[in-house]
Amino acid sequence: MLQLAIAGSIDEIDAAGWDACAGGDALVSHAFFRALERSGAVGPGRCIQPQYVQVRDAQGALLAGAPAMLRAGTLAEYGPEHRWLKAGIAEGCFAWPKFQVGLPLYAVRGPKLLVRPGAPRETLRVLLIQGLKRLAVQRYGRPGMNLMHIDAELAAQLGGDGWLLSHELHAFWRNPGCADFAAWLGTLPHRKRYTIRRERRLFAELGLDIRLIPGDRISQRLLDAYYAGHQRVCLRFGNRPWLPPETLRCLVEEMPQAVRLLAAFDGGRYIAGAFWIVAGDALVLRTWSAFDERPGLCFELNCHRPIEFALENGLKYVDAGLTAAYKPQRGYADEAVASAHWFADPQLRRLAERELAALAAPPA
């Protein structure tokens, strides 16, 4: 007999069992969630309370899991959902917290319904979805739930089952199987080739020392410098860091094999960097740090070097986060990343349908 279980902390779940379901993807691994919890990025005081949902067999073996959470207190959500949450608050059919499955603080497309290899995948995914719906209504009293940043297969399945789908544009680079960066560059249109070659030539003239540092060699001093530069980038755009500084340290400690820090030095002084996570066959980019503005520095560290790394290591793609105008010009392509929304409250669903229709309507 299968049983549904809930854990408020990843430490309540055995790492081997969870990681067997995660299938080697660092961004849904036990270590990743433990790093977020240890650092205070999620948990008490951060408005994100983990609720790891599990399906176990009669002997207690973990067969499937979903990284669920109660998310409270902010309309600064990914994608268009904030529009109908705001409307739901105004009309009295929504109140915090909301219930969702996804990666806390990381808007990354990937597996969210995790099933142990060899177990009946579709049966267990259906059981997880049914259990999540029951929990949303009966345990948490929520008017619905979300599955955030899911793959196209699951999105199509849920859309066919009546879930609403929303989308946001992320930038991806797909590996075409070229031997190296020069060979890949030769596949691009002339204008893009010219732009990238010129940028890299100007960047090389700066004479900076660029180092790709694996997780087990990243010092606390370097992490402190990186975070200070990250704060400066955020402030430049009127934002603040979305991760506490302890999170980077805990990620390095918990999953050093998946972490890389690409750092630029000028005369031994750290000036810029990018914090990478290798997740399965993907390179995931999310945070950027810079003290100085140098010609081509951002493009080199955030566009060109990730592609080089992916080609050298046989990775299938680079996930560069939300799209920006400069990314397609440098070989990345925009892709629509889906999230699926289920509603127990018909009024909130109507508001969501209205807001999604308004977004889809052509401008007057």
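A few comments on the model shown:
- Peptides 137-149, 217-229 ranked from most to least packed by the mean count of surrounding Cβ atoms within 10 Å: 137-149, 217-229.
- Part-to-part distance (alpha-carbon centres) for region 186-233 and region 316-332, which is given in Å: 15 Å
- Anisotropy class of region 164-228 from Cα gyration tensor, a/c 1.5 cut: oblate
- Relative contact order, percent, region 204-299 [alpha-carbon distance under 8 Å, six or more residues apart]: 34 percent
- Here CYS178 sits with roughly 30 square angstrom of accessible surface, probe radius 1.4 Å.
- Of the accessible area of region 167-315, computed with a 1.4 Å probe over protein heavy atoms only, carbon and sulfur atoms account for 49 percent.
- Sites matching GluC sites (Glu not before Pro) across region 227-313 that sit in DSSP coil, with at most 12 neighbouring C-beta atoms within 10 Å: GLU293
- Cα gyration tensor, region 139-254 - rounded (a/c under 1.5), prolate or oblate: oblate
- For the chain, a simple Cβ point-charge model (Lys and Arg +1, Asp and Glu -1, everything else neutral) yields a dipole of about 660 debye relative to the Cα centre.
- Extension gain, ALA72 back to LEU206 (0.36 nm per residue minus Cα-Cα distance, nm): 43.7 nm
- The fraction of accessible area contributed by carbon and sulfur in region 77-150 is 54 percent, rounded to a whole number (1.4 Å probe; ligands and nucleic acids excluded).
- Additional length obtainable on full extension of the chain from LEU4 to LEU359, 0.36 nm per residue less Cα span: 124.1 nm
- Estimated at 0.36 nm per residue, the fully extended path between ASP180 and ALA324 surpasses their Cα-Cα distance by 49.3 nm.
- Most positive-pole-ward Cα, PHE265, TYR194, VAL252, against dipole of region 189-318 from beta carbon charges: TYR194
- Restricting region 234-315 to chymotrypsin sites (Phe, Trp or Tyr not before Pro) in coil, as DSSP defines it, with at most 14 other Cβ within 10 Å: PHE237, TRP242
- Label corresponding to mean projected area of the Cα convex hull in nm² when calculated from the structure given, among (1) 28.5; (2) 18.3; (3) 19.9: (3)
- Centroid-to-centroid separation of region 17-63 and region 154-169 [C-alpha atoms, Å]: 24 Å
- Where the chain is the region considered: accessible area per residue in Å², 1.4 Å probe: 44 Å²
- The distance from the alpha carbon centre of region 256-281 to that of region 335-351 is 37 Å, rounded to a whole number.
- Of all accessible heavy-atom area on region 1-46, the percent that carbon and sulfur account for (1.4 Å): 51 percent
- Its DSSP H runs of at least 4 residues, each contributing -39,500 (n - 2.57), put the calculated 222 nm mean residue ellipticity of the chain at -10000 deg cm²/dmol, to the nearest 500.
The values are calculated or read from the model by the stated rules, or taken from the named source; none is laboratory data. Everything quoted here is computed from the prediction, not taken from an experiment. Cβ sites come from the backbone with ideal geometry, for glycine too, and all protein chains shown count toward neighbours. Each accessible area value is taken on the protein alone, full model and side chains, heavy atoms only, with ligands, DNA and RNA left out. Shrake-Rupley method; radii C 1.70, N 1.55, O 1.52, S 1.80 Å.
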